[in-house]
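Take a look at the structure set out below.
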Amino acid sequence: MPKQLKLKSYALLASLVNLVLYQYPFFKFVLSNNNLKSTSGIMLLISLIVASIILNAFVFYIGLYLLRNVGKWLLAIFFNISAIAVYFINTYGIIIDRTMIGNVFNTNYEESSSFFSFGLVLYVLFLGLLPSFFLFKFKIIRPKLKSFLIHTGVTLLFLGVLVFANSTNWLWIDKNSKTLGGLVMPWSYVVNTSRYYSHINKKNKKQILLPDATIKDDEKSIAVLVIGESARSENFSLYGYDKNTNPLLSQIEGLKHFETESCATYTTAGLQCILEHKDTGKLYEILPNYLFRNDVEVIWKTTNWGEPKVIIDNFQNKEMLRKNCEGPDCEYDGILLKGLKDEILASKKNKILVVLHTSTSHGPTYFEKYPKQFEKFTPVCKSVELANCTQEELINAYNNTILYTDFIVANLIDDLKQLKEYKSTMIFISDHGESLGEKGLYMHGIPASLAPKEQLEIPFIVWTSDNSRNIKENQGHSQHNIFHSVLDFLAIDSPIYEQDMSIFKN
Ligand SMILES: [Zn+2]
């Protein structure tokens, strides 16, 4: 006759077993990467232990209530996979992220059999099978629906309080989220397996082609789209900021800037809005793919990530750029300008689109994003732990990234000025804004409908060579202006082109 146990005790017990047997790598990482001499460090450790127990017990509780015996079998499967995962983490120092899951699914039998060892057998035996055996030694007494709902509600409330009590540690968790997420059992492989499959689905999702475009004239013209990362307009002196963060751009004649809000507060969504012809919720051909398919030269250089699939011949990511780079700029976004002029001159086409996707203002390590000579605003925050920095230090570090952005964009405009046989435009727009401690918020990613203005208000800056095009006055601006403005500037006609959405006058 199996022993009887209430569901909440059973779930709690399973969670404790999970903590003791499988969370060693997770807490080993926390202990060695966090300052335990500070109060916030100790607070973080205790909170993570409590959260680990309660959160897992909570999920097991709900799972077992809904799935009954199937839930027990699932737990047993988790225990065994966790045992294997912990073995590989301890032995090979891996983390179980999406890429690792991909490796696991793409490994053939011969490769995987080479991993079999006596150690692995011991792990499976003592950390997997043995604890699983005890899962079936108890008969669970299910609670009534009413007490189930009360338990669930109270636990959720408790977890919410715990999250907010740790707000000073969010940055640390955010910075280390990839590693932490790859070490926590059983969620590292559960979550990353579904991420792996959704990634494959997304990759295989076909873009919907837009109707063909025609190039209207033979005039040589270039549009350079610079996509800013986490650049907020508030800290640009062009937008009225009282510190001089735009010493170079403010000297350039004919430069225009517009008040604009991003459509989202995270990179992938911001990029989508900048590159699509309108908000349809579907994956239509994005600007570079559309122009490339319609015989425009397209160059994409990036030190960042998060763009929809770019289908062009000349896509240069950070690794490719660094391989061919020499000098101090190679570590920073200055790398995006290297060799650009020569690449443009080498093109045999009359119409050229260049996209430079920067990463300069991405936190939390703002101070690492610019060369030393741009550290004009001091002292700067050199920690990712909020508690160790004043807001002034944080804003100083951020301002230096804007100062460096100013330098890069101004240099780009200089380069374009030298290409005299081309008519050119430079359009700078950010993917989203950034919080720097206002209302206790940092970085970005709050859903747009709830987000503070700092995360939404972005710079949108435009320059044209010899004032070759007039710019409309009194127009509302959004990221969706980009697609139509570039088509307009390069004289490309298309059934989906909307003159109203272009920033240029006819
Ligand atoms: Zn971003």
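Summary table below
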{"item": "Which numbered condition His444 fails, given (1) open to solvent by less than 40 Å² (accessible area, probe 1.4 Å); (2) in contact with a helix residue (DSSP H, G or I) (Cβ under 7 Å, 6 or more places away or on another chain)", "result": "(1)"}
{"item": "Selected residue [at pLDDT below 95 and either open to solvent by less than 50 Å² (accessible area, probe 1.4 Å) or not assigned by TED's automatic domain parsing to the domain that holds Leu287 (or both)] from Glu473, Glu438, Glu454", "result": "Glu438"}
{"item": "Positions within region 206-232 being open to solvent by 10 Å² or more (accessible area, probe 1.4 Å) and either over 18 Å from Leu287 (Cβ atoms) or touching a Cys at 6+ places or on another chain (Cβ under 8 Å) (or both), in sequence order", "result": "Asp217, Asp218, Glu219, Lys220"}
{"item": "Residues (within 30 Å of Phe138 (Cβ to Cβ), surrounded by 15 or more Cβ atoms within 10 Å (Cβ to Cβ) and aliphatic (A, V, I, L, M)) located in region 1-46", "result": "Leu5, Leu7, Ala11, Leu12, Leu13, Ala14, Val17, Leu19, Leu21"}
{"item": "Residue count, region 364-413 (criterion: part of a loop (DSSP other than H, G, I, E, B), out of contact with any Asp or Glu (no Cβ under 8 Å at 6 or more places or on another chain) and open to solvent by less than 10 Å² (accessible area, probe 1.4 Å))", "result": "1"}
{"item": "Of the criteria (1) among the aromatic types (Phe, Trp, Tyr); (2) more than 20 Å from Tyr189 (Cβ to Cβ); (3) modelled with pLDDT under 85, which one Phe158 fails", "result": "(3)"}
{"item": "Residue within region 206-223 that is out of contact with any Phe, Trp or Tyr (no Cβ under 7 Å at 6 or more places or on another chain) and either within 30 Å of Thr365 (Cβ to Cβ) or within 16 Å of the ligand (Cβ to nearest atom) (or both) present", "result": "no"}
{"item": "From Lys256, Lys243, residue being over 16 Å from Phe428 (Cβ atoms), in the same structural domain as Ala346 (by TED's automatic domain parsing), away from the ligand (no atom under 16 Å from the Cβ) and at pLDDT 95 or above", "result": "Lys243"}
{"item": "Within region 171-210, tally of residues that are in contact with a helix residue (DSSP H, G or I) (Cβ under 8 Å, 6 or more places away or on another chain) and not β-branched (Val, Ile, Thr)", "result": "19"}
{"item": "In region 317-331, residue farthest from Asn411 (Cα to Cα) [restricted to those that are loosely packed, with under 10 Cβ neighbours inside 10 Å and not acidic (Asp, Glu)]", "result": "Lys323"}
{"item": "Where Thr464 falls short, out of the listed (1) more than 16 Å from the ligand (Cβ to nearest atom); (2) within 26 Å of Leu248 (Cβ to Cβ); (3) open to solvent by 20 Å² or more (accessible area, probe 1.4 Å)", "result": "(3)"}
{"item": "Residue within region 289-297 that is closer than 23 Å to Asn324 by Cα, buried (at least 19 other Cβ atoms within 10 Å of the Cβ) and modelled with pLDDT of 95 or more present", "result": "yes"}
{"item": "Residue ID - most open to solvent (accessible area, probe 1.4 Å), chosen from residues in region 476-496 that are without any contact (Cβ under 8 Å) to a residue 24 or more places away in the chain and within 19 Å of Leu291 (Cα to Cα)", "result": "Asp488"}
{"item": "Residue ranges of helices (runs of 4 or more DSSP H) in region 130-247 with at least 2 members free of Cβ contacts under 8 Å to residues at least 12 places away in the same chain", "result": "130-135, 145-165, 187-204"}
{"item": "Region 497-506 - residue that is surrounded by fewer than 16 Cβ atoms within 10 Å (Cβ to Cβ) and of a type in the set (S, T, N, Q) and, of those, nearest to the chain's Cα centre (by Cα)", "result": "Gln499"}
{"item": "Those residues of region 420-476 which are out of contact with any Gly (no Cβ under 8 Å at 6 or more places or on another chain), of a type in the set (S, T, N, Q), within 30 Å of Leu171 (Cα to Cα) and assigned to a strand (DSSP E or B), in sequence order", "result": "Ser435"}
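The values are calculated or read from the model by the stated rules, or taken from the named source; none is laboratory data. Nothing here was measured: the structure is a model prediction, and the numbers come from that model. Glycine gets a Cβ as well: all are built from the backbone with ideal geometry, and neighbour counts include every protein chain shown. For the accessible areas, the whole protein counts, side chains as well, though only heavy atoms, and no ligand, DNA or RNA atoms are used. Shrake-Rupley method; radii C 1.70, N 1.55, O 1.52, S 1.80 Å.
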